[in-house]
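Trainee: Please see the structure below; I have some questions.
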Amino acid sequence: MSLSKSTPRQHLITELQTRGLRLHSVEQDHVSRRGGAGPSDHQAVTIDGTTVMVPIYTQSAWRSPFSVESSEQGHTLIENAIPLADITFAGTPRFYELSTAEGVPYSHIATLHSKDVLATTVLQTCIRYESRRKACKFCSIGQSLQAGRTIARKTPEQLAEVAKAAVELDGVQHMVMTTGTPATPDRGAAILCESAKAIRAAVDIPIQAQCEPPDDPAWYARMKDAGIDTLGMHLEVVTPSLRKELMPGKAEISIEAYMVAFREAVAVFGRGQVSTYILAGLGDSRDAILDICAQLIEIGVYPFVVPFVPITGTPLEDLTPPGSEFMESILAPLGKQLRLAGMRSGDIKAGCGRCGACSTLSEYEH
């Protein structure tokens, strides 16, 4: 498969997402995340009209050639003392100022990702994470809970209250609900259903749910009927031996089982409305990632490939992130595959693929 050259804009954003950004003197009134699920240790920044999530709290970010210079006129992105572009930061949303009647801050229930995406981890505990032997070595789902920045279980009523406020006060456009995996055969689908029902009763907002494949495919229709628009079931790693090494508990669900689940889910949610996360840089080769992405696209699953970002406090915190050249060698041909298949991020109703801030993949779809 031939490679497409990236544009200067694509290359810059990919470089930022793989190497990170040093922030020393920037005013800290902006959205960032430390620990937890999703894009942890990241900062939402906007460059040339594109909002992306960039690592700022990681070890690699401390060594990054990219930094920010601030003045009364605004912020400038700097690479090795050379000004590159204007850069802005997502401001703290207004709903963060509120708390529930019980005194729980709204920011402990759901957070702003990127500029218009509300995200929450409904269950902040996971049977995988609780077992050192079976834990995913890249996961930090328990960190924000231990630090007191979230609560262990968000109730449907809390989620509905916060979602309504985020839409009305901050113009949030869609919502992502993920969950740690509970010790039940539905693997979190049940709590996602009850949460979605409450949210959709309170506010009209598209929702993506994310969980491991449930044991019973009937859960896909139940999630759809509950008001969930799109579904994410995340492979993360695609080489079986690497899966067993890096995510031993989750690897008990084989790639073949995931493929069956993807077909069943696409039959309910529709082509392009089921997605999966693939973390490039954990050892999978370029060809392995592109091969499985081709299979996923044929099924109707959107493969959201993102650069792996080592998170402080995890067993892989010292792993070197993938280089921009490796990422571009995947994203350029993958973007072409998606374009030819008529499967674009802009057509996804809700979720990570639609947001696109954790990867430059959507930039290569055009």
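The values are calculated or read from the model by the stated rules, or taken from the named source; none is laboratory data. Please read all numbers here as calculations on a predicted model, not as lab measurements. In this analysis, Cβ positions are derived from the backbone assuming ideal geometry, glycine residues included, and neighbour counts consider all displayed protein chains.
Trainee: Of the conditions (1) closer than 19 Å to ALA357 by Cα; (2) surrounded by 22 or more Cβ atoms within 10 Å (Cβ to Cβ); (3) of a type in the set (A, V, I, L, M); (4) in contact with a strand residue (DSSP E or B) (Cβ under 6 Å, 6 or more places away or on another chain), LEU112 clears all except one; give me its number.
Mentor: Unmet for LEU112, out of (1) closer than 19 Å to ALA357 by Cα; (2) surrounded by 22 or more Cβ atoms within 10 Å (Cβ to Cβ); (3) of a type in the set (A, V, I, L, M); (4) in contact with a strand residue (DSSP E or B) (Cβ under 6 Å, 6 or more places away or on another chain): (4).
Trainee: Residues being closer than 30 Å to TYR106 by Cβ, in contact (Cβ under 8 Å) with a residue 60 or more places away in the chain and touching a Gly at 6+ places or on another chain (Cβ under 8 Å): count how many of those fall in the range 53-92.
Mentor: 2
Trainee: Also, I was wondering about something else. Tell me, please, whether a residue that is surrounded by 19 or more Cβ atoms within 10 Å (Cβ to Cβ), in contact (Cβ under 8 Å) with a residue 12 or more places away in the chain, in contact with a Ser or Thr (Cβ under 7 Å, 6 or more places away or on another chain) and at positive phi can be found in the range 154-171.
Mentor: no
Trainee: Separate question: Inside the range 121-155, can you point out the residues that are of a type in the set (A, V, I, L, M) and within 25 Å of TYR106 (Cα to Cα)?
Mentor: VAL122, LEU123, ILE141, LEU145, ALA147, ILE151, ALA152
Trainee: Can you name the number of the only condition in (1) over 16 Å from PRO105 (Cβ atoms); (2) modelled with pLDDT under 95; (3) surrounded by fewer than 21 Cβ atoms within 10 Å (Cβ to Cβ) that THR184 fails?
Mentor: Evaluating THR184 over (1) over 16 Å from PRO105 (Cβ atoms); (2) modelled with pLDDT under 95; (3) surrounded by fewer than 21 Cβ atoms within 10 Å (Cβ to Cβ) leaves (2) as the failure.
Trainee: Now for a different question. Any chance you could count how many residues in the range 125-172 are touching a Phe, Trp or Tyr at 6+ places or on another chain (Cβ under 8 Å) and β-branched (Val, Ile, Thr)?
Mentor: Adding up the residues that qualify gives 2.
Trainee: Only one of ASP291, ASP347, ASP318 is at pLDDT below 95 and either among the charged types (D, E, K, R) or in contact with a Phe, Trp or Tyr (Cβ under 7 Å, 6 or more places away or on another chain) (or both). Can you tell me which?
Mentor: Sole residue among the options that is at pLDDT below 95 and either among the charged types (D, E, K, R) or in contact with a Phe, Trp or Tyr (Cβ under 7 Å, 6 or more places away or on another chain) (or both): ASP318.
Trainee: Please verify whether ALA61 is modelled with pLDDT under 85 and either polar (S, T, N, Q) or surrounded by 21 or more Cβ atoms within 10 Å (Cβ to Cβ) (or both), treating the condition exactly as stated.
Mentor: For ALA61, the condition - modelled with pLDDT under 85 and either polar (S, T, N, Q) or surrounded by 21 or more Cβ atoms within 10 Å (Cβ to Cβ) (or both) - is met.
Trainee: Ok, one more. Among the residues of the range 131-148, count how many are assigned to a loop (DSSP other than H, G, I, E, B) and either in contact (Cβ under 8 Å) with a residue 12 or more places away in the chain or β-branched (Val, Ile, Thr) (or both).
Mentor: Matching residues across the range 131-148 total 12.
Trainee: While we're here: Answer yes or no as to whether ARG132 is farther than 21 Å from GLY351 by Cα, surrounded by fewer than 16 Cβ atoms within 10 Å (Cβ to Cβ), modelled with pLDDT under 95 and more than 16 Å from the chain's Cα centre (by Cα).
Mentor: The answer is yes for ARG132.
Trainee: Out of all the residues in the range 128-145, is one or more in contact with an Asp or Glu (Cβ under 6 Å, 6 or more places away or on another chain) and more than 19 Å from LEU246 (Cα to Cα)?
Mentor: no
Trainee: Moving to a separate point now. Mind counting the residues in the range 205-244 that are on the phi < 0 side of the Ramachandran plot and outside any helix (DSSP H, G or I)?
Mentor: Counting residues in the range 205-244 that are on the phi < 0 side of the Ramachandran plot and outside any helix (DSSP H, G or I) gives 25.
This table checks each residue for (1) of a type in the set (A, V, I, L, M, F, W, C); (2) in contact (Cβ under 8 Å) with a residue 60 or more places away in the chain.
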position	(1), (2)
GLU317	no, yes
THR320	no, yes
GLU325	no, no
GLU328	no, yes
ALA341	yes, no
ILE348	yes, yes
CYS355	yes, yes
GLU363	no, yes
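Trainee: Filtering the range 188-204 down to residues that are more than 18 Å from the chain's Cα centre (by Cα) and assigned to a loop (DSSP other than H, G, I, E, B), which residue is farthest from LYS154 (Cα to Cα)?
Mentor: ASP204
Trainee: Okay, moving on. Could you list, in sequence order, the residues of the range 187-210 that are hydrophobic (A, V, I, L, M, F, W, C), in contact with a His (Cβ under 9 Å, 6 or more places away or on another chain) and crowded, with 24+ Cβ neighbours inside 10 Å?
Mentor: Selection gives ILE207 alone.
Trainee: Could you list, in sequence order, all residues of the range 213-238 that are closer than 22 Å to ALA251 by Cβ, acidic (Asp, Glu) and surrounded by fewer than 21 Cβ atoms within 10 Å (Cβ to Cβ)?
Mentor: ASP215, ASP216
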